[in-house]
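Read the figures in this text as sums done on the coordinates, not as results from a lab. All values reported here derive from a predicted model rather than from experimental measurement. Every residue, glycine as well, gets a Cβ built from its backbone with ideal geometry; the counts of neighbours run over all protein chains shown.
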Amino acid sequence: MSVQPTKTVAPYKTKKGETYMNPKQLDHFRSILNNIKLGLGEDIDRTVHSMQDDATVFADPNDRASQESDMTLELRNRDRESKLIKKINEMLAKINSGDYGYCENCGIEIGLNRLEARPTATLCIDCKTLDEIREKQVAK
C-alpha cells in the first residue's frame with residue numbers, strides 16, 4: 001500500500017564521497033517514515049470518529065447493507081494501515097540499530113532510490129525480483 005506523507009520530504013541529494021546510510025541519510029528516512037506514520041494515525045482517528053458519527057440504524061435493509069459494506073471496507077483499509085504502521089516501527093528500529101538500508105537476504109545496500117520509492121523495503125532489487133519469480137512459480 002502506498003501512502004503519501006502528510007508533509008512532503010524532498011528526495012535526498014547525495015554528495016560526492018558520501019558514505020551509505022550516514023547520519024544525514026538516516027535522519028532523512030526517519031523523517032519520511034515518521035511523516036507516513038503520522039498520516040496513517042490521523043486516518044485511523046478520522047475513521048473511528050466517522051464510524052461513531054455514522055452509526056445510524058437504517059430501517060431499509062439495502063441502506064443498512066450498504067452502510068455495513070462501507071464500514072467493512074474502511075475497517076479492511078485501516079487494518080492494512082495498522083500493519084504498515086507496524087512495518088514502519090520495525091524500520092525505525094532498524095534505523096536506530098544501524099541495520100536500515102541493507103538487504104535482509106544478502107546484506108548488500110538496498111539503494112537510496114529504492115528506499116525513496118519504498119521506505120519500508122527490506123530486500124535489494126535483485127532479491128525482491130527473485131522472490132517475486134518464486135511466488136509466480138508457486139502460484140501456478
Within the chain, longest stretch free of exposed GluC sites (Glu not before Pro) [DSSP loop, at most 16 other beta carbons within 10 Å] | 19-103
Going by alpha carbons, how many degrees (0 to 90, nearest 10) lie between the helix axis of 125-139 and the longest principal axis of the chain?
-> 50 degrees
Label-point separation (nm) for residue 44 and residue 73, each offset 7 Å from Cα along Cα-to-Cβ?
-> 2.2 nm
Which one of 78, 114, 64 has the biggest mean-square fluctuation once the chain is modelled by GNM with Cα springs under 10 Å?
-> 64
Computed over the chain: longest principal axis from alpha-carbon atoms vs helix 61-97 long axis, angle to nearest 10 degrees, is 20 degrees
Please express the Cα-Cα pair-distance distribution P(r) of the chain as a list of whole percents, one per 10 Å bin, running from 0 to the bin with the greatest distance.
-> 10, 31, 27, 18, 10, 3, 0
Proximal charge balance of residue 122 [Cβ under 12 Å; K/R count +1, D/E count -1] = +1
Checking 126, 43, 27 against a Gaussian network model of the chain (alpha-carbon springs below 10 Å), the top fluctuating residue turns out to be 126
For the chain, longest principal axis from Cα atoms; helix 23-53 axis from its Cα atoms; angle between them, nearest 10 degrees, is 0 degrees
